[in-house]
Amino acid sequence: MRYPHIFTPLKLNQLTLPNRIYSTAHAEVYADAGGMPGDRYIRYYEEKAKGGLGMAICGGSSPVSIDVPQGAWRPVNLTTDRVIEPMARLADAVHRHGMKIMIQATHMGRRSAYAGDPWPHLVSPSGVREFVHRGNAKAIEIEDIARIIADFAAAAKRVQASGFDGIEISAAHQQLIDQFWSPRTNMRTDEWGGSLENRLRFGLEVLKAVREAVGGDFCVGLRMCADEFHDDGLDHEVLKEIAQRMSETGMIDFISVIGSGADTHNTLANCMPPMALPPEPFVHLAAGIKSVVSVPILHAQGIRDITQAERILANGFVDMVGMTRAHIADPHIMKKVREGREDQIRQCVGANYCIDRMYSGSDTLCVQNPATSREATMPHVITPTKGAKRRVVVVGGGPAGLEAARVSRSRGHDVVLFERSATVGGQINLAAKAPQREQMAGIVRWFDLETKRLGVDRRLETDATAEIVLNERPDIVVLATGGRSNSDQVANWGAKDGLSISSWDILSEKVAPAENVLVYDGISAHAGFGTADFLASRGCTVEIVTPDTKVSDDVGGTTFPIFYRRLYSQGIIPTPNHWLDRVYAEGNKKIAVLRNEYTDELEERVVDQVVIENGITPNTELYTSLKDRSLNRGQVDLKSLYAAEPQPALQEATGDGRFLLFRVGDCVSMHNIHAAIYDSLRLCKDF
């Protein structure tokens, strides 16, 4: 009863949804060759169904026409009848658990790149190039328009034939329908351009063809933007008028509303709001659309907490709330809510690791839940062992160690966790010090609560030595001792002589910031810019130097625009394509010598402080002292690990001083948070 609005059923056409939480269409990058939803794809959505989700809309940007490249995003291919059978298997799988499923259908128009099979000539209303995807396109011809409208209808018939519950037509993210809508991309003077009525014609013809193809009882929705945030584009008032017109046609059963256009790097970052943006930043735009239409309004974007969703619904802002990234982090949210286990929900922190991977053409993964999309081999729910109960000692309370302790304890083993600090979390605690990255601490918060709830014997402020570990008489030892700053990799950087300091020194506030600071970022991930931003926010003059082609070169497409907003607003000076050659002292100043990557020319900077972010180097001391005493000499059987199978060494008898030794995370080599947690899950799930 705490969430009465969430658990009020919602009717869309002939569908009755059991609750008002859904997963929006997104590019999963899981489809098999040819754009077919295979076993991995099906298991991913079935897990959400098992978790009690009311509805999922799958297949973000699934193409209806063959002149859309089928490359890096691996969308579901709605252009062929071959898709019907695998889609039917997906529908059957989720229906078994009471979840409804739809798919998003679209034509990308210019929002793509021609350089990929089938190497098409892209089309757009007026041939205007799209900046983000480098989409060079021809001006669409009348014959193309007729063909694509027919393709939408044929795709809808395939969706209906598969047993899906509905289809969502995309006029969002500046795809072809809203390319026609927007004066930013439609400069035509024929019946398909000019007046608003003419610009709406293509989308209306698409909806008419789809509705005629599937009949009146099949659910058809429209996804649209509520404000493009461009002076030469569609503003909120015009988009309210468009939504009203679409609603009045009687051809659609719902409108899914997003805030912001998506045809520049800066606006793209708005579409999947990262932790730097405020919660639910565009719900007011969705409410504005709702005020002028007669169909239900669905809305996602930055809604990651179940209490947020209840409040939004209770206030009548929208009729259904999308929590997509939240269900990537934890597909069992609704089940946990029904059972009163809200404190066990693994809450999305908005790191956008999932979306940033997708925008680089990699499969969607969660920064903190490595089981997501690996359901065939990795469990979301850890089941107790049916074998021997063991004593497991874990050393290190960062993400890898916390996961090792959580999983081992969930298996039913006696678990001791040693951590030298007074708190758990490891390097995540440093990451959360960076401005607008504070929510990273949510990852630690969940592990902290879970290890306490499960009864892990946590011994903080204990620097575990070999003697301390062996005194526990362990059967298994898992080392997650992490690493230390690698700021002394190059002797000429002067870290050992006090000429430079590490980003860790700054973020931990061990060393106070100076007035004029040079940050050298040899990794180009989140930490370097986070350190520069931390310093600038404290009034320092900051230059960030990197050998890469741009600052934060390894940060994804929805995160680096946020960094660059901060970079320019804070006056941080970016200097790419330069190596830090050496640092020397001159009076009370530091001289940083930079070497140009392409000319080898040297430049000097006179600063008060040189801060180095160069990743980590593993802590191996404890491993070295225990290795020769262990049964397996600390070795992991890689063939078994990568096949998600139990370690063969687990069959050996332990006890009487005999133990198995394993390493996970950064104490092996530098990995990110996801990789560290995955290391522990795939190893410890079979203890």
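Structure notes:
- Separation between Cα centres of region 329-399 and region 444-483, rounded to whole Å: 20
- Nearest-0.05 FRET efficiency for Arg129 and Glu604, computed from C-beta distance (R0 45 Å): 0.65
- The lysines within cross-link reach of Lys550, meaning a Cα-to-Cα straight distance under 24 Å and a gap of 8 or more places when in the same chain, are Lys433.
- Placing unit charges on the Cβ atoms of the charged side chains and taking the dipole of the chain about its Cα centre, the candidate lying farthest along the positive direction among Val607, Gly556, Thr546 is Gly556.
- Kirkwood-based Rg to Rh ratio, the chain, C-alpha trace: 1.00
- Cross-link reach list, aspartates and glutamates versus Lys510, counting only Cα pairs under 20 Å and skipping chain neighbours closer than eight places: Glu419, Glu438, Glu461, Asp463, Asp488, Asp497, Asp521, Asp533, Asp608, Glu613
- Beta bridges per DSSP with both ends in the chain, % antiparallel, nearest 5: 25
- Put a dot 7 Å past the Cα of Ala643, heading toward its Cβ, do the same for Asp656, and the two dots end up 3.1 nm apart.
- Residue among Val76, Ala105, Leu53 farthest towards the positive dipole end of region 51-126, charges placed on Cβ: Leu53
- Only the Cβ atoms of Lys and Arg (+1) and of Asp and Glu (-1) were treated as charged; on that basis the dipole of region 182-222 about its Cα centre amounts to roughly 200 debye.
- Pairwise Cα distances in region 90-145 exceed 12 Å in 70 percent of cases.
- Taking the convex hull of Cα positions in region 168-208, its mean projected area over all directions (nm²): 2.7
- Dividing the Cα radius of gyration of region 474-589 by its Kirkwood radius returns 1.03 for Rg/Rh.
- Violating pairs (Cα-Cα greater than 19 angstrom) within the set Lys48/Lys335; Lys335/Lys452; Lys290/Lys335; Lys336/Lys685; Lys496/Lys590: Lys335/Lys452; Lys290/Lys335; Lys336/Lys685
- Centroid-to-centroid, using Cα positions, region 271-295 and region 524-579 are 29 Å apart.
- Relative contact order, percent, the chain [alpha-carbon distance under 8 Å, six or more residues apart]: 11
- In units of the compact-protein estimate 2.2 N^0.38 Å, region 88-195 shows a Cα radius of gyration of 1.25.
- Simple Cβ-charge dipole of region 591-687, Lys/Arg +1 and Asp/Glu -1, about Cα centre, in debye nearest 20: 680
- Radius 10 Å from Cβ of Ala464, net charge of other residues (Lys, Arg +1; Asp, Glu -1): -2
- Unit charges at the beta carbon, dipole of the chain: most positive-side option, Val511, Gly233, Gly655: Gly655
- Taking other residues whose beta carbon is less than 12 angstrom from the beta carbon of Glu212, and scoring Lys, Arg as +1 and Asp, Glu as -1, yields +2.
- Partners of Lys11 within straight-line reach, counting aspartates and glutamates whose Cα lies under 14 Å from its Cα and excluding those fewer than 8 residues away in the same chain: Asp165, Asp217, Asp253, Asp319.
- Accessible area (Å², 1.4 Å probe, nearest 10) - Asp117: 110
- Basic side chains Lys and Arg get +1 at the Cβ, acidic Asp and Glu get -1 at the Cβ, and with that the dipole of the chain about its Cα centre reaches some 2100 debye.
The values are calculated or read from the model by the stated rules, or taken from the named source; none is laboratory data. What you see is a predicted model; the values in this text were computed from it and never measured. Every residue, glycine as well, gets a Cβ built from its backbone with ideal geometry; the counts of neighbours run over all protein chains shown. Accessible surface areas use protein heavy atoms only, side chains included; no ligands, DNA or RNA. Shrake-Rupley method; radii C 1.70, N 1.55, O 1.52, S 1.80 Å.
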